[in-house]
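Derivation of every value follows stated rules applied to the coordinates shown; laboratory data play no part. Computed from a predicted structure; not experimentally measured. Positions of Cβ are generated from backbone atoms using ideal geometry, with glycine treated the same way; all protein chains shown enter the neighbour counts.
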Amino acid sequence: MAKTCKICSPYLPSLTSTRGARSAPDDVAVRERVDNTRVTVLRAPGFGPQRTRAAFEIMKLWANGRTLRCKFIDGPPEVQAKVQAIAKEWEAFANLQLKFVTSGAAEIRISFAQKGFSWSTMGTDALTVGANQATMMYGWLDANTPLREYQRVVRHEFGHAIGLIHEHQNPAAQGVIPWDRPKVYAHYAQQGWSQQTTDFNIFQVYAEDSTNHSSFDRDSIMQYAVPDELTVGSFAIGWNTELSTLDKAWTRRQYPKGAPAETRLVVGGPRVDADLSTGGEVDTFAFDISAAATYIMTTTGHIDTVMTLHGPDDPGAIKAFDDDRGAGANARIVRKLLPGNYWLTVRHKQPTGTGSYTVGIKRRA
């Protein structure tokens, strides 16, 4: 009988899409939250300050302030109660509410039926799963499982559910863990994984334009244990059971408490005061265009802002972006816009930068 290694195997949603279109999971993500499509402005070397290029990141985050309904599909009541209590720990760091319901629709649906397996969908990918199917699995938790194992597994899977990736697949982890590949393949074959599955779950890192990432965090709750016998030389990581300092900081950045999910702008109306109170925070503003014309969108203040224009009528479509074309280090976008719904996202140029600014839009005379 194959030995169970008791690690999470990521859930992979269908990537079906029409030619030239976003995949279904990406489309769901950008309609849930405009800033799930993010632009990082990079200077084009040798062409002066106004020549820039962009790197795009695709996130799977829920709308900030969202209530996520969680429902158990099966499982003993005492096991359900333990999972619920640990899952709600994430509410201390994310501006999300995990509301456990016993009937009706739910974004997160939890099962214990797939014995020997543990997994979760990644953030908004849960919305691509059939309404009667599980989006999260705990295949080895039962009434006799030690509390520390509950904490390790539930904290990990709900990390996935709010958008965290496996830490060893963080782009910053590339080359950090000195894997001994033949031994890794043999080890995970005990879990029934093929070489291809092991490549997908262990060695394949996310592209830098597909996820927001920090430096490699060996203490992350999202990090697999790395036994010394699976690495070259002397390198090992034990089973992490607590949320690390960086886990908490990342979560606060992506789901800042007190920040609205979206603020309305009025063309020609008063400028809106805004504040980037946490490093990595992104503010979202929505506005409507009723007549085709040229419009000017600007930020003002003493911080270095990056502004992105999304639309029309499609929050995942990037129409324009700017870094420093405004006064000082402010952003300025001048574009001809057709009638429709549009969004602006604003963030600080520096990943840890904070500060206040104003934003506004007017029609060019």
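Pairs of Cα atoms in the stretch 67-161 fall into 5 Å distance bins, from 0 up to the last occupied one, in shares of 3, 14, 28, 29, 19, 7, 1 percent. How far is the Cα center of the stretch 322-365 from the Cα center of the stretch 125-164, in Å? Answer, in whole Å: 39.
When only the Cβ of Lys, Arg, Asp and Glu is charged (+1, +1, -1, -1), the dipole of the stretch 67-161 relative to its Cα centre reaches about 60 debye. Computed about its Cα centre, the charge dipole of the stretch 164-255 is approximately 120 debye, with only Lys, Arg, Asp and Glu carrying charge at their Cβ. For the stretch 328-333, backbone phi angles converted through the Karplus equation (6.51, -1.76, 1.60; θ = phi - 60°) give residue-by-residue couplings of x, 9, 7, 9, 8, 10 Hz, Gly and Pro being listed as x.
In summary, the lysines within cross-link reach of Lys319, defined as a Cα separation below 23 angstrom excluding same-chain residues under 8 places away, comprise Lys60, Lys336, Lys349, Lys362. For the chain, a Gaussian network of Cα nodes joined below 10 Å ranks Glu78, Glu281, Glu91 by mean-square fluctuation, and the top entry is Glu78.
Highest GNM mean-square fluctuation, the chain, Cα pairs closer than 10 Å: which of Gln196, Gln223, Gln174? Among Gln196, Gln223, Gln174, the largest mean-square fluctuation in the Gaussian network model of the chain belongs to Gln196.
Run the numbers on the stretch 177-318 and let me know its relative contact order in percent, using alpha-carbon pairs under 8 Å that are six or more apart.
16 percent
From the square roots a ≥ b ≥ c of the eigenvalues of the alpha-carbon gyration tensor of the stretch 210-365, which class results: rounded (a/c under 1.5), prolate (a/b over b/c), or oblate? Prolate, because a/c is 1.5 or more and a/b exceeds b/c. In order along the stretch 218-231, the Karplus-derived 3J(HN,Hα) couplings, from 6.51 cos²θ - 1.76 cosθ + 1.60 at θ = phi - 60°, round to 5, 8, 4, 5, 8, 8, 4, 5, 10, x, 4, 6, 9, 10 Hz, and Gly and Pro are given as x.
From the Cα gyration tensor of the stretch 164-255, with a ≥ b ≥ c the square roots of its eigenvalues, which class applies: rounded if a/c is under 1.5, or else prolate if a/b is larger than b/c, or else oblate? Judged from the Cα gyration tensor, the stretch 164-255 comes out prolate (a/c at least 1.5, a/b above b/c). Exposure proxy for His168, His302: other Cβ atoms within 10 Å of each Cβ, ordered fewest to most, give His302, His168. Report summary: the helix-based calculation at 222 nm, which adds -39500 (n - 2.57) for every DSSP H run with n ≥ 4 and divides by the residues of the chain, gives -4500 deg cm²/dmol. Electrostatic tally near Asp247: other residues with Cβ closer than 15 Å to its Cβ, Lys and Arg +1, Asp and Glu -1, net -1. Extension gain, Val266 to Ala92: 0.36 nm times the residue separation minus the Cα-Cα distance gives 59.2 nm. Expressed as a fraction of 2.2 N^0.38 Å, the value expected for a compact globular protein of N residues, the C-alpha radius of gyration of the chain is 1.07. When the Cα convex hull of the stretch 98-248 is projected onto planes of every orientation, the mean area is 10.2 nm². Here the Karplus curve 6.51 cos²θ - 1.76 cosθ + 1.60, taken at θ = phi - 60°, turns the phi angles of the stretch 232-241 into couplings of 8, x, 10, 8, 8, 10, x, 6, 7, 10 Hz, with x standing for Gly and Pro. For the peptides 65-72, 140-147, the ranking by packing is 65-72, 140-147, with the highest mean count of neighbouring Cβ atoms within 10 Å listed first. Here the Gaussian network model covers the chain, with springs between Cα atoms less than 10 Å apart; of Ala249, Ala225, Ala291, Ala291 fluctuates the most. If R0 is taken as 45 Å, the Cβ-Cβ distance between Ala113 and Thr352 corresponds to a FRET efficiency of 0.55.
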